[in-house]
Amino acid sequence: MQDAITSVINSSDVQGKYLDTSAMEKLKGYFQTGELRVRAATSIAANAAAIVKEAVAKSLLYSDITRPGGNMYTTRRYAACIRDLDYYLRYSTYAMLAGDPSILDERVLNGLKETYNSLGVPVGATVQAIQSMKEVTASLVGPDAGKEMGVYFDYICSGLS
Ligand SMILES: CCC1=C(C)/C(=C/C2=NC(=C\c3[nH]c(/C=C4\NC(=O)[C@H](C)[C@H]4CC)c(C)c3CCC(=O)O)/C(CCC(=O)O)=C2C)NC1=O
């Protein structure tokens, strides 16, 4: 896993140089948003179950997916879906704190698309649910932190598509 600091330092190290102006600017931007990131992560953690619940209500409930024949039908599959959304929220929060998406590649997206395809989990509906989580999260944490979280929700969606 990388973060905003190690990624800037690694790329300077590869060139055997001190951090140049643009590298310093990147770090400055990251440090200046530190408070914002920590505050957002705290409020997401305190409201995680509610965020997932509202996102499911907005995107999946009472659709064909939750009816017989749908991929969320039966409590076992319903619970697996909620658990997956919990993962996406928690790992997006980690990535937002780190300011870097690499943790998503390593721990979430690796082999996920293949797993979903082999189990018949619909990717389109999953992406819709993640987009709903993005909206619900933004309304909780405000536009600036919401935009930053959006980067990582979108990263998962494009990794799945
Ligand atoms: C931390 C990283 C991580 C991820 C991301 C993860 C995902 C993941 N989701 C799975 C299943 C599943 N995922 C879903 C999800 C959904 N079905 C829908 O219709 C909805 C659109 C959607 C929810 C948004 C369902 C229903 C299953 C069970 C499918 C089945 O067994 O038939 C499975 C197969 C094994 C299992 O059932 O537990 C994995 C590995 N596991 C992990 O360890």
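Where a number appears in this text, it was derived from the coordinates with a stated rule and is not lab data. Small disclaimer: the values here were computed from a predicted structure and weren't measured. Heads up, the Cβs are rebuilt from the backbone with ideal geometry, glycines too, and the neighbour counts pull from every protein chain shown.
Okay, here's what the table says:
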{"item": "Any hit, the range 53-73, residues being more than 28 Å from Ile5 (Cβ to Cβ), crowded, with 20+ Cβ neighbours inside 10 Å, small (Gly, Ala, Ser) and out of contact with any Cys (no Cβ under 7 Å at 6 or more places or on another chain)", "result": "yes"}
{"item": "Answer residue from the range 67-77, given it is near the ligand (Cβ under 8 Å from one of its atoms) and in contact with a helix residue (DSSP H, G or I) (Cβ under 7 Å, 6 or more places away or on another chain) and is nearest to Val121 (Cα to Cα) among those", "result": "Asn71"}
{"item": "Breaking point among (1) within 16 Å of the ligand (Cβ to nearest atom); (2) in contact with a Gly (Cβ under 7 Å, 6 or more places away or on another chain), for Tyr30", "result": "(1)"}
{"item": "Sole exception among (1) within 22 Å of Tyr73 (Cβ to Cβ); (2) more than 11 Å from the ligand (Cβ to nearest atom); (3) within 12 Å of the chain's Cα centre (by Cα) for Asn117, by number", "result": "(3)"}
{"item": "Some residue of the range 55-65 being in contact with a Lys or Arg (Cβ under 6 Å, 6 or more places away or on another chain) and more than 21 Å from Ser161 (Cα to Cα)", "result": "no"}
{"item": "Condition met for Leu85 (among the aliphatic types (A, V, I, L, M), more than 7 Å from the ligand (Cβ to nearest atom) and at negative phi)", "result": "no"}
